[in-house]
Amino acid sequence: MTQLAALEEVIDASGVAPRIEAMLPAGVRARQLSVRTLLAGMCLAQADGRPAHLTRVRQALAGLPADDQRRLGVLADWRHGPHRLTCRQTEYTFGLVADALARGEPDGLPSGRLQGICDDLLEASVPGQFKDASRSLAADWTDLESFSRPPPRGTAGCADPEASWGHRKNNLHHDEDELFFGYYLSAAVTVPEENGPPVPELARRATVSSCRHDPVPALAPVLTGMPAGGIPLGDVLSDSGYSHRIAPHWASPLRQAGAQLVQDLHPHDRGPKGTHEGAVTANGNLYCPQPPRPLLELGPLARTADREQAADHDRRTRELARYKLGRLTADDADGYHRVACPAAAGKVRCPLRPPSMLLDRDRPEILQPPEHPQACCEQQTITVPPDVNAKTRQKHDYPSAAWRRSYARRTSAERAFATAKDPAASDTARGWCRLMGLAPLMLFTTVLLVTRNQRILTAWDTRQEENQRRAAKGLPPKTRRRRRKTPTATAAATGPP
């Protein structure tokens, strides 16, 4: 299948072209450039690594074979002979599309029409055999600069009024963020299931929002709307930038949609954060009132840790898990569930639970039980309302070995942004798109992710064929070389040049 045929198949499968055509006003005469051909030209321009300029879209369409040009309407018969599509016609059709999908009063967030069109395009770029291969997604956001110059100090007017100042990480040694003027691009990328087979890391959902809006609540409704479209949610992996938000902006709606969170915790959210019915709330769990304090203050394993340090860290997290109140029921319709005392469950020895003192001494023992026991010590079980550990509760105990292995899948989102920003393929730095406003930028960004999915699928198919050839020869699959040290650690060890 040729590149044009594959892109046309995606556009047709999404069904967005006729929907957009129905939104456009009827002119005096028929437009030579249809929405379907416009989307195909945008995809071709991004697949060739060209900037997101309308002149490049027209060049991509004009560079097709003559038969394809006539079929797509790029070359049409007019009164005085054949007429090839002009840049002005391309600008006119794209302007109609952008105006139809934009909000009536632009506020820096995509309209429902625009978000739906982009969701359908991305979903159509995922082949049928991979739609149900994994339900796990990795979420992240990155910067997307506007071509507009920021407004002068003390003013608010500029060529792109929806853009705003935002913060982004840099690759320098210091930890300070740097400012940029533009938008946030948020994306959810498919990752393998836990202990499941590998899958291609395809962008499944994406949205663009102005930097004056928090990107976390902007992405949450995009993900929670997937089950309504027949796409159930599984694990949703995110860093501390997502978990640190208040629960109604991220954790609560995702849980209600059926997702299981696997997330890093912000340093301000780690460790003991109060009590519930006498039980200590820490790292998203409820623990016995008297666990060793150092265990509750365990942080994630350092990236530079060796095997011995990792083994000791895992031993301490397993010991901490013995003090955790065991979950007995799933969440009911209102989000409530019940948990049991670890001594009643036979995980620790406690004088307040005489039967537990008959357990083997290899279990931890509570040497100083509370003088005034509360409900978690007096009752067999307690009820936990949904607002307890609402934003920190997740699938695995933090920061256990199981959590670490599961969370390691989140790097798929960073690789997705790296491929989208790769100067060798499509550099999304300032100037990549010179159109102003959120709607044009989001359309081109979605098309970029669609073509990026096509490149990932091509590389995936090539790798699978190579593995099959090696298996036929009795050779193991080819593995990737993994970097043992991070670039920052290498630079710090070698010093400046």
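The values are calculated or read from the model by the stated rules, or taken from the named source; none is laboratory data. As the structure is a computational prediction, the values presented were derived from the model and not from experiment. Neighbour counts run over all protein chains shown; Cβ positions are idealised from the backbone, glycine included. Heavy atoms of the whole protein, side chains included, go into the accessibility calculation; ligands, DNA and RNA do not. Shrake-Rupley method; radii C 1.70, N 1.55, O 1.52, S 1.80 Å.
Data table
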quantity	calculated
Residue-normalised accessible area of region 72-126, given per residue in Å² at a 1.4 Å probe	49
Electrostatic dipole magnitude of the chain [Cβ: Lys, Arg +1; Asp, Glu -1; Cα centre; debye, to 20]	1200
Spacing of the two label points (7 Å from each Cα toward its C-beta) at Asp99 and Glu9, in nm	3.7
Computed helical MRE - 222 nm, the chain, DSSP H runs ≥ 4 contributing -39500 (n - 2.57), nearest 500	-11000 deg cm²/dmol
Under 26 Å from Lys391, Cα to Cα: lysines that are on another chain or at least 8 residues apart	Lys169, Lys273, Lys324
Sites matching GluC sites (Glu not before Pro) across region 329-433 that sit in DSSP coil, with at most 13 neighbouring C-beta atoms within 10 Å	Glu371
Net charge of neighbours whose Cβ lies under 14 Å from the Cβ of Ala310, counting Lys and Arg as +1 and Asp and Glu as -1	+3
Carbon plus sulfur fraction of accessible area for the chain, probe 1.4 Å, in percent	51
When each of Lys131/Lys395; Lys131/Lys421; Lys421/Lys478; Lys347/Lys478 is checked by Cα-Cα distance, pairs over 32 Å	Lys347/Lys478
Chain lengthening between Leu179 and Asp48 when straightened (0.36 nm per residue, less Cα-Cα)	44.1 nm
Inter-site label distance for Gln256 and Glu194 at 7 Å from Cα along Cβ, in nm	2.5
Inter-part distance where region 343-382 and region 61-75 are each reduced to a Cα centre, Å	78
Relative contact order of the chain, pairs being alpha-carbon contacts under 8 Å that are 6 or more residues apart, as %	17
Kyte-Doolittle mean at least 1.6 and Cα axial length at least 24 Å: DSSP H helices in the chain	none
Region 256-282 residues near the modelled Lys169 label - backbone nitrogen below 19 Å, point 7 Å along Cα→Cβ	262-270
FRET efficiency, 1/(1 + (r/R0)^6) with R0 51 Å, evaluated for Asn467 and Ala429 via beta carbons	0.90
Relative contact order (%) - region 1-107, alpha-carbon pairs under 8 angstrom, separation at least six	28
Per residue accessible area in Å² of region 134-208, where ligands, DNA and RNA are left out and the probe is 1.4 Å	50
Whole-number accessible area per residue in Å² for region 305-399, which is evaluated in the context of all protein chains at 1.4 Å	59
